1. Check Glu298 against each of (1) open to solvent by less than 10 Å² (accessible area, probe 1.4 Å); (2) within 12 Å of the ligand (Cβ to nearest atom); (3) over 21 Å from Leu403 (Cβ atoms) and name the one condition it does not meet.
2. Please pick out the residue among Lys210, Lys199 that is under 17 Å from Glu162 (Cβ atoms) and not small (Gly, Ala, Ser).
3. Among the residues of segment 235-259, which ones are in contact (Cβ under 8 Å) with a residue 40 or more places away in the chain, within 12 Å of the ligand (Cβ to nearest atom) and either in contact with a Ser or Thr (Cβ under 9 Å, 6 or more places away or on another chain) or in a loop (DSSP other than H, G, I, E, B) (or both)?
4. Kindly indicate the residue of segment 301-316 that is crowded, with 22+ Cβ neighbours inside 10 Å and within 16 Å of the ligand (Cβ to nearest atom) and also farthest from the chain's Cα centre (by Cα) among those meeting that condition.
5. State whether the residues of segment 384-395 include one that is among the aliphatic types (A, V, I, L, M), open to solvent by 10 Å² or more (accessible area, probe 1.4 Å) and under 36 Å from the mean Cα position of the chain (by Cα).
6. Would you check if Met1 is at pLDDT 95 or above, more than 9 Å from the ligand (Cβ to nearest atom) and either outside the structural domain of Leu291 (by TED's automatic domain parsing) or open to solvent by 20 Å² or more (accessible area, probe 1.4 Å) (or both)?
7. Out of the residues in segment 139-165 that are of a type outside the set (Val, Ile, Thr) and open to solvent by 40 Å² or more (accessible area, probe 1.4 Å), state the one that is nearest to Asp50 (Cα to Cα).
8. Would you call Ile6 open to solvent by less than 20 Å² (accessible area, probe 1.4 Å), among the β-branched types (Val, Ile, Thr), within 9 Å of the ligand (Cβ to nearest atom) and under 32 Å from the mean Cα position of the chain (by Cα)?
Amino acid sequence: MNIVVIGGGAGGASFAARMRRLDNSAKIDILEETNETSIASCGLPYFVGDVISNRENIQVATPQLFKQAFDIDIHLMTKAEKIDAKAKTVTTTDGQVFPYDKLILSTGGAPFVPPIKGLEKKPSFTLKTLKNADTIKAFLKETTPKSLLVVGGGFIGVEVAENLVHQGIQTTLVDIAPQVLPPLDADMVCQIHEHMTEKGVKLILGDGIKEITEKGALLSSGKELSADGIVLALGIRPQTQIAKDAGIELTPKGAIKTNEFMQTNFKDIYACGDSVAVKDFVNQEENMVALAGPANREGRLIADHILGKAPYPYTGTQGTGIVKVFDMTAAFTGNNEKQLQAKNIPYEKMIVWKASHAGYYPDAKPLVLKVLYGKDGTIFGAQAVGYDGVDKRIDVIATVMRLHGKTTDLRDAELCYAPPYSSAKDPVNIIGMAIENIRQGLMRPYFGTSFEGMFVVDVRSNEAFEKGHLPEAVNIPLENIKESLDKFPKDKPILIHCQTGYRSYVAVRILMENGFENVYSYAGGYKQYSTEIKGALK
Ligand SMILES: Cc1cc2nc3c(=O)[nH]c(=O)nc-3n(C[C@H](O)[C@H](O)[C@H](O)COP(=O)(O)OP(=O)(O)OC[C@H]3O[C@@H](n4cnc5c(N)ncnc54)[C@H](O)[C@@H]3O)c2cc1C
């Protein structure tokens, strides 16, 4: 069997290696237009920042290794130009013709570069390939720029900004959206804004680049910035022209359509990775998600389907991701509030602040966890931000979601515990318990930063109250609640807050047991409120 793969990145290489492990006889050719294959794209920002200093470490596998270990031929600097789906051939720009029995498209995405007036006035870069990273590194070394502008606050823009700051470069990140890291909701990303600003990134959000100037950039707001160069990190667009020309069906956004076995409308042409449309695991609708994990899993699945030994379908992409932001980590899985609202999916939410491990063991760090769920306990998504243990909380919830677990499963999950690692009730258990309390009507959470018409009470100590509290709050410490019931009005909503949301929940229970019905606990407490206020950039 002749197998041709277009694209030697994550999906293509993963497919080819699996194919060879399952079948020794197939002839496998990978066509790759650049002079790199199997590079660790995800490590590129850290290579730019010299955190990964050895260039060879970025090259996960070489063509020689593929040949020796797998008997796979990788043709570098070989661009596939035309697919003839009838004759079953691929023609390259240098005139080679590769006949195929099965063709796999893993052409990935290309960095999106919009037309920006004056872009030629400053050195500008994108970061997709090792060559791009080499170019940026050479620029940094040769010109030692004082200041750089990063345009786009997705995970690549944020990682690049961090790595530039590490090298002493004044770094400004501009994004037209009011926040960085779009998978996070505004109430979760606020901490990241604050942290990036503290670490020296000048964040300008809700503003776009109007023009690149001799000095740097002119923004839509009229603001002028100085910059010696620009890194454009504005996302990617699927590279699917070759597929389109061959009559392969695309979505309106230009991604390749496939069935659950990653077959296109031509049954012998498969596609995987960043260039395909996937089914969103949560809302079941078509989506485009550029992540290495899905690309690898899709590639692997294609090999199993071709050989028909134990074919299994692709069950959708959840969009589970993680990003390091200086000393912090943000991770997410499933749908966020914006996505659920766009799909008209009714949802509830809960936020808890906990320590990364037992508070009495040294170095426990704050961690905030948010879960979005349906009335029946279906988990739609989760987000976490903190310094330690963020990944495992989101990985646990992502797994529960993948197994179609419910919020009760978060409450009941038996997770490993010893003081240096967690608490007897892990943050995942705590949020599950809190959600079940809400579902049972034991407590109502309150979110946001507007408290008009509410009677706001801080149930922390007087000392904590003096240091800061929700606007207009009165201070009635938890231990005094029972003897102060006459101070609580019955004709307006009562909002209770504490530091992180536990004592306010206890206070809410006391009030409800005493006949108060219109009572809310501020989710995440004063910690959440003050973080939202500080991280909401002007
Ligand atoms: C800087 C950076 C950081 C990232 N960090 C993360 C991360 O932390 N976590 C994560 O999950 N994901 C991350 N990603 C995304 C991840 O790398 C991609 O999702 C993944 O590589 C997609 O695999 P793919 O096979 O679809 O495409 P790619 O790996 O992009 O491979 C596509 C290949 O096809 C080749 N090609 C295209 N057209 C042709 C043609 N006509 N002929 C021949 N060759 C062609 C291209 O040259 C390319 O090598 C990052 C990406 C970048 C750029």
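The values are calculated or read from the model by the stated rules, or taken from the named source; none is laboratory data. Owing to the predicted nature of the structure, the values given are computational and were not obtained by experimental measurement. Heads up, the Cβs are rebuilt from the backbone with ideal geometry, glycines too, and the neighbour counts pull from every protein chain shown. Ligands, DNA and RNA are stripped out before the accessible areas are found, and what is left, the full protein with its side chains, is counted by its heavy atoms. Shrake-Rupley method; radii C 1.70, N 1.55, O 1.52, S 1.80 Å.
1. (3)
2. Lys199
3. Within segment 235-259, Gly235, Pro238, Gln239, Thr240, Ile242, Ala243, Ala246, Ile256 qualify.
4. Ala303
5. Within segment 384-395, not a single residue is among the aliphatic types (A, V, I, L, M), open to solvent by 10 Å² or more (accessible area, probe 1.4 Å) and under 36 Å from the mean Cα position of the chain (by Cα).
6. Against the criterion (at pLDDT 95 or above, more than 9 Å from the ligand (Cβ to nearest atom) and either outside the structural domain of Leu291 (by TED's automatic domain parsing) or open to solvent by 20 Å² or more (accessible area, probe 1.4 Å) (or both)), Met1 qualifies.
7. Lys141
8. yes
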